[in-house]
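Everything below concerns the one structure shown next.
Just so it is clear, none of the values below were taken in a lab; they were calculated from the coordinates. All of these numbers come straight from a predicted model, not from anything done at the bench. Neighbour counts are summed over all protein chains in view; Cβ atoms, including those assigned to glycine, are modelled from backbone coordinates with ideal geometry.
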Amino acid sequence: MQPENKDLNFLRALDDKLIRKNSFLDLSYERMGDAGIVFLCRNKDLSHIQKLDLSWNEIADDGLRVLAKSSSLAELKHLILNANQIGDEGARNLAVSENFPNLESIELAHNRVSDFGALSLVKSQSLLSLGFVDLEMNKVGQQKLTRFPDGAVVSKLRILNLRRNLLGDESIADWAQTGAFEKLVHLNLGWNQITNKGARILAHSPTVNRLEVLVLDSNHIGDLGALDIAKSKHLKNLVQLYAQDNNIGRAGEIALRAMRSRSLVEKKRADDKLNLNEQRLDNKDLASLAQHEKLNGIVSLTLRNNHFDYRGVQELVNSPYLKNLQHLNLMNNAVEDKGILVLAESANLPQLKSLNLENTGITALGILALSRSPHLHRLNDLNLNGNDLGEKGFRILADSGNFKNLIKLRTSGSAMGDAGFQAIVQSNTLKQLEELEARGNVITRESLNSLVNSSTLSRLKKLDLRRNKLKDVDLIFLTDSPQFQSLEALRF
């Protein structure tokens, strides 16, 4: 394609995008260069743009200077400039611009910005709405910092990504000295050249006292650095610490996990409840958590969506601090039958009343373990959703005296058929059952007839039978049958 035809096609495409007045203008991979930025800023109305992607466009400092002077981007919130040729002067021009009062995020990954340009953005006195700066794969730390931008951090900056730069211990000392970290809650220093000395500098810097997430993956930190971080009085708010691919041994790892457990409990505990959902906890994390004395007095513990298996459960149930636990949520972890076995055998959870085992991979063997437990007699709320229990599992559940106090039972998505459903509703043991959830199974009209003739129906208050093998005539039967009128909630 001839250059003039290519340019013409680009202009037509640009006009088409601008005519639609979309808030997002994607011009990535257009190879516009500085000349293209000049044309764009001088000839086009960009007043409606809130997100602008100029990645892979061969833009250098001159182009960014023109962009920074543009008065038509006052509504811009997100500026993406990845993979260009922007250096310190371009970053500096952007940092001092008065034309971006609403700018919330800047992405400058894979450019040529060094310490001065990076610090200019971090300490900008103009970009007051700025909350996120991405400077991955630049030249930060390549040379000794000789000039420091003046002033304190006055923006809303909370997240700073300096991954894959050349930051060493001296650079970390310089950055800490400038106060650049003081407002951050998330700092990524992965894939740099930080050693024990740099870790110690971070640990002793009061400017990191707001950090909740610190990434130190793929550096050169050993046990000494890990111990300094673990003992830091300034990292009390740290919830997530990533330090993979370093030189940290067993002593450092134990100290860091203990630090994280302490921080999680202190930050996530609310009265006698502890919510640790989606914290990426593995078996070793649970081992550390289980030994933390501040678990004492916890009544409700939720661990949904983590990364532990039966070994983590074993560590947890061996804890001497969970004697008062009444509610335990293990949802979406690979607990499987082995995990239920160690739970059932533990004498450390005598008060347990509510157990959430949704999507934990258990089978009839897990139900058998619960049914034979000499310790779990108080369960009144059991969630078995998303497990393949089979007819055998439901029969065990229906016949065991361990489940005689169940008030609420959830069995959605468990391949429950008529035999399993009838075992539950005809049980001579489940006499306290008030709520039964059985969505997404293969229950048919046969089960409805069985339920009508069951004494269970008179005690039920809530019944959920959505997404089963019920036909329209069966639904009519449900709504017209007088036996079902006493239910407080019937969903089908």
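Worth a mention:
- Relative contact order of the range 22-166, defined on C-alpha pairs under 8 angstrom at six or more residues apart (%): 18
- Three-way shape label, the chain, alpha-carbon gyration tensor, a/c 1.5: oblate
- Here's the list of lysines a cross-link from Lys469 could span, going by alpha-carbon distance under 25 Å and ignoring same-chain residues fewer than 8 apart: Lys392, Lys408, Lys461.
- In the chain, Cα pairs under 8 Å separated by at least six residues give a relative contact order of 5 percent.
- Karplus-based coupling profile of the range 403-409, in residue order and whole Hz: 10, 5, 9, 4, 9, 10, 10, with θ = phi - 60° in 6.51 cos²θ - 1.76 cosθ + 1.60 and x standing for Gly or Pro.
- Taking a quarter of the surface of the Cα convex hull of the range 7-81 gives a mean projected area of 4.2 nm².
- Net length gained if the chain between Lys469 and Lys294 were fully extended (0.36 nm per residue, minus Cα distance): 58.1 nm
- Inter-centroid distance (Cα atoms) of the range 323-353 relative to the range 131-153, Å: 49
- Estimated FRET transfer efficiency when R0 is 51 angstrom, pair Lys156-Asn453 (beta carbons, to 0.05): 0.20
- Efficiency of FRET between Leu11 and Gln177 - r from beta-carbon atoms, R0 35 angstrom, step 0.05: 0.10
- Segment Gln125-Ser105, length gained on full extension (0.36 nm per residue, minus Cα span): 5.7 nm
- Listed residue pairs exceeding 26 Å between alpha carbons, taken from Lys69/Lys156; Lys284/Lys404; Lys139/Lys233: Lys284/Lys404; Lys139/Lys233
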